[in-house]
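Please treat every number below as a calculation from the coordinates, not as lab data. These figures come from a predicted structure and were not determined experimentally. Please note: Cβ atoms are built from the backbone with ideal geometry, for glycine as well, and neighbour counts cover all protein chains shown.
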């Protein structure tokens, strides 16, 4: 496939004045917009670096200071610490209590799924970070952007428009500026939507979508990640965990050699990943599957294609990594869970006044 160099076209959904229809079904809701300044994301990265490197530097300074002390001075300091163990324990308890109160203070309810979650980033901060990532992606793939007149671009925007128009009752859909960018990279099987509505689709993923129904399933899943603010939630959890791990990290670098401190941090990070980060990542993937299936159902697509698509990926990919060590559920698991969700989604599709589906669908071997 040839590469295309072109200025990308942006389609925007805007709030309408009162008593004026929000959407005109005869129009396509895209127009060009300008990128915004992205200084805050750099500050966020700087803060994360301080949180990560601070305990390392401080711990090494403490360790070197301790090693230079005479034995008598060391024993004296240890005795003082032991004599104040109650105060130290109280300070530790107060710190943990304050951290817990901070956690509770930032628990919010997700409007669509009603799930409770920890969030510290506001929308403005999140959008600035997303714009930073968007500019990075555009610089990376600037030679591969498919122009607006190309059939592949029109295919994606047609499906995306249908999904957005059909779900315009959702505030989370209406309040974003939605943009489609198609990247001509057949070797990349990927699609993603940034928190502020920029949707990237690679031609490698388009080649896997046998029809528009499967493409709608993929786009609806990625749109769900965006409207559910999964990126903000993920970053909030990461910030919280990194803050909690400051104390263990400081202890490691204060009392252990550099090699053992580094090894201890590696062990701690991997335990936190397996027990907290990876299960959370798989959970939000399942949530995006659930909400995405609903978005596609309301858009009158044949949502029976969802398990077929994941069955196809199951056959075409190795999927050899154990699920509990992966950020995503196994394709087989997703296929099975989507099959279980189909009756509810089909009922929603019927309530959305969609035309009836044909009684039989061509199930390939990978759909079984």
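Determine the shape class of the range 47-156: with a ≥ b ≥ c the square roots of the Cα gyration tensor eigenvalues, call it rounded for a/c under 1.5, and otherwise prolate if a/b is greater than b/c, oblate otherwise. Since a/c reaches 1.5 but b/c is at least a/b, the shape of the range 47-156 is classed as oblate. If you wrap the range 227-343 in the convex hull of its Cα atoms and look at it from every side, the mean projected area works out to 9.0 nm². Its alpha carbons give the range 178-240 an Rg and a Dmax of 12.9, 42 Å. Working value for the range 89-151: equivalent-ellipsoid semi-axes of 42, 17, 8 Å, each the square root of 5 times a Cα gyration tensor eigenvalue, largest first.
Given R0 = 56 Å, the distance between the Cβ atoms of residue 135 and residue 344 translates into a calculated FRET efficiency of 0.90.
Size descriptors for the range 125-205 (Cα atoms only): Rg and Dmax, in that order, 13.0, 37 Å. Spin-label pair residue 190-residue 116: with each label point 7 Å from Cα along the Cα-Cβ axis, the two points sit 3.5 nm from one another. Mean projection of the Cα convex hull over all viewing directions, computed for the range 76-217: 14.1 nm². Within the range 109-140, name every residue whose backbone N is under 12 Å away from a label modeled 7 Å from Cα of residue 102 along the Cβ vector. Backbone N within reach: 120. Here the gap between residue 66 and residue 142, fully extended at 0.36 nm per residue and compared with their Cα-Cα distance, gives a gain of 22.0 nm.
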